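The values are calculated or read from the model by the stated rules, or taken from the named source; none is laboratory data. Not measured: the values here are computed from a predicted model. All Cβ positions, even for glycine, are placed from backbone atoms using ideal geometry, and neighbour counts span all protein chains on display. Quick note on the areas: whole protein, heavy atoms, side chains included, nothing else; ligands and nucleic acids left out. Shrake-Rupley method; radii C 1.70, N 1.55, O 1.52, S 1.80 Å.
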Amino acid sequence: MKIGIDTNILVYYLDVKSPFHKDIKRKLDKLIMENRAVVTPQNFIELSSVLTKKEVTPEIIEEIVQTISRLFVIVWPDENTLTKFFELLKTYPRRGVKVFDLFLVATFLSHHIHTIYSYNTKDFQDIKEINLY
């Protein structure tokens, strides 16, 4: 079973100073080895946003994204994603930046991925179509 990865997991995975790093590294390394860890281009954009705030250069960010691209399965929004996104938005109203969580879920659901790994479980706990890892 493939597991969709929320961007906060990637951030903590990269941040060796995070109190969550060791636990996430252990779990995510296992998912990567089993070819079960799935990301989307949205993860790369969100991760770039976080890293630029930490003054990481675009060149280093590009290297990080290229490495992730080699290690993770990547799924892209498809013709069903936008329809699924609006269904989710009507069912689970979100405002502002919280709509990005719904688009991430819609992308995963469009590829029959029904489980997401996130440390921000409150962002997803009400969405019945997805399970938390």
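Listed here are the residues, each with its yes/no results for (1) charged (D, E, K, R); (2) farther than 14 Å from Ile5 by Cα.
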| site | (1), (2) |
| --- | --- |
| Val38 | no, no |
| Ser48 | no, yes |
| Leu51 | no, yes |
| Glu62 | yes, yes |
| Ile74 | no, no |
| Thr81 | no, yes |
| Tyr92 | no, yes |
| Val97 | no, yes |
| Phe103 | no, no |
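Counting the residues of region 12-50 that are out of contact with any Leu (no Cβ under 7 Å at 6 or more places or on another chain) and without any contact (Cβ under 8 Å) to a residue 40 or more places away in the chain gives 22. Residues satisfying the criterion are absent from region 51-68 (criterion: under 25 Å from Asn131 (Cβ atoms) and free of Cβ contacts under 8 Å to residues at least 40 places away in the same chain). The one condition from (1) more than 23 Å from Phe20 (Cα to Cα); (2) open to solvent by 80 Å² or more (accessible area, probe 1.4 Å) that Lys122 does not meet is (1).
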